[in-house]
Amino acid sequence: MAEASEALAGSEPAKRASLADWLAVVAGMIGSLMALVDVSIVNASLPIIQGEIGATPSEGTWVGTAYLTAEIVAIPLVAWLQRLLGMRRLLLIAATLFTFFSVICGFATDLGTLIAGRIGQGLAGGVLIPTSLTIVATRLPPAQQAMGLAVAAMAALLGPIAGPPLGGWLTENFNWSLIFFINIPICALQVVLIIVAIPKSKGEPGELRNADWFGVAGMVIGL
């Protein structure tokens, strides 16, 4: 007992995450939640959107399909993009592009423009989803990673569920464009948290030369 007490007394206290670490986790969760909400936020508003931009029901399905397809294509590339650009730069680019393409979607007056905006949104959103888990794994000590994963899981569960009622409410009470413009203040908050909580890191430009471009092209076309 005495030896066990001495060993326990001499052991170092478990490392705890700092405020900056938790802010980084929140930044990742916001991006993931926003990207997942946008998967389904157009569903309830689709009939009204189709009527205003002059699209048939079969054409209107591309508003959702384009986003989801682009997102699926982007997700497998995230690890490589992180090595190429560094986490902070990658997240800032993704959040900025998500905002930019959200604005394009909000101002779209024809189907082609809306689909192009949704593709851009999907590519950026595909980066935001897995990086939230990477932040948890790299910024939180093992003892607190379960809490971080719970936060990430909450975003994964709430996003697809909250999308349709939120989109329907905004469309019914205001205008369908707001389902896209609502991303602007959320992205702004995420950018602030990224700048504050995620340190700068050097990318590896050599990844451009080492990439299997034929494999990447085949994956994109296949997906």
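Rounded, prolate or oblate: which one fits segment 61-111, using the alpha carbon gyration tensor with axes a ≥ b ≥ c (rounded when a/c is under 1.5, else prolate when a/b beats b/c, else oblate)? Don't jump to the answer; show the numbers that get you there.
On the way: a/c = 4.79, a/b = 1.64, b/c = 2.92.
Note, shape of segment 61-111 comes out oblate.
Once label points are set 7 Å from the Cα along Cα→Cβ at both LEU19 and TRP213, what is their separation, rounded to one decimal in nm?
Each label point is offset 7 Å from its Cα along the Cβ direction, giving 4.7 nm.
Which whole-number value in Å² is the accessible area per residue of segment 40-168, probe 1.4 Å?
43
Accessible area of the chain with a 1.4 Å probe: how many percent of it is carbon plus sulfur?
Working: 8240 of 11580 Å².
Its accessible area is 71 percent carbon and sulfur atoms.
Would you compute, for the Cα atoms of the chain, the largest minus smallest coordinate along each principal axis and list the three values in descending order, in whole Å?
Taking the Cα atoms of the chain, the three principal extents are 80, 46, 28 Å.
What is the calculated FRET efficiency for ALA162 to TRP80, with r their C-beta to C-beta distance and R₀ = 35 Å, to the nearest 0.05? Show your work: numbers first, answer last.
Values: r = 31 Å, r/R0 = 0.88.
Computed FRET efficiency for ALA162 and TRP80 comes out at 0.70.
Taking R0 as 25 Å, what's the FRET efficiency between THR96 and THR134 from their Cβ-Cβ distance, rounded to 0.05? All intermediate terms of the calculation are to be shown ahead of the outcome.
Values: r = 19 Å, r/R0 = 0.76.
Once rounded, the FRET efficiency stands at 0.85.
Quantify how much of the Cα-Cα distance distribution of segment 142-223 extends past 20 Å, in percent. Don't jump to the answer; show the numbers that get you there.
Values: 2217 of 3321 pairs.
When every Cα pair of segment 142-223 is considered, 67 percent fall beyond 20 Å.
Please arrange PHE174, PHE181 by accessible surface area, largest first, computed with a 1.4 Å probe and ligands excluded.
Working: PHE174 125, PHE181 50 Å².
My answer, sorted largest first, is PHE174, PHE181.
Let me know the charge dipole size of the chain about its Cα centre in debye, to the nearest 20, where only the beta-carbon of Lys, Arg (+1) and Asp, Glu (-1) is charged. Don't skip to the answer; put the middle values down first.
Details: 10 positive and 13 negative charges, 103 e Å.
Computed about the Cα centre, the dipole is about 500 debye.
What FRET efficiency comes out for the pair VAL192/THR56, r = Cβ-Cβ distance, R0 = 30 Å, nearest 0.05?
On the way: r = 41 Å, r/R0 = 1.38.
Efficiency for this residue pair is about 0.15.
Taking K and R as +1 and D and E as -1, what net charge do the other residues with C-beta under 13 Å from the C-beta of GLN145 add up to? Intermediate results must be reported in sequence, preceding the final value.
Working: positive: LYS15, ARG16, ARG139; negative: ASP21.
After counting each charged neighbour, the total is +2.
Work out the charge dipole of the chain with +1 on the Cβ of Lys and Arg and -1 on the Cβ of Asp and Glu about the Cα centre, then indicate which of ALA152, GLY163, THR134 is farthest towards its positive end.
Most positive-ward Cα: THR134.
The values are calculated or read from the model by the stated rules, or taken from the named source; none is laboratory data. Note that the structure is a prediction, hence the values are computed from the model and not measured. Glycine also receives a Cβ, built like all others from the backbone with ideal geometry; neighbour counts cover every protein chain displayed. Accessible surface areas use protein heavy atoms only, side chains included; no ligands, DNA or RNA. Shrake-Rupley method; radii C 1.70, N 1.55, O 1.52, S 1.80 Å.
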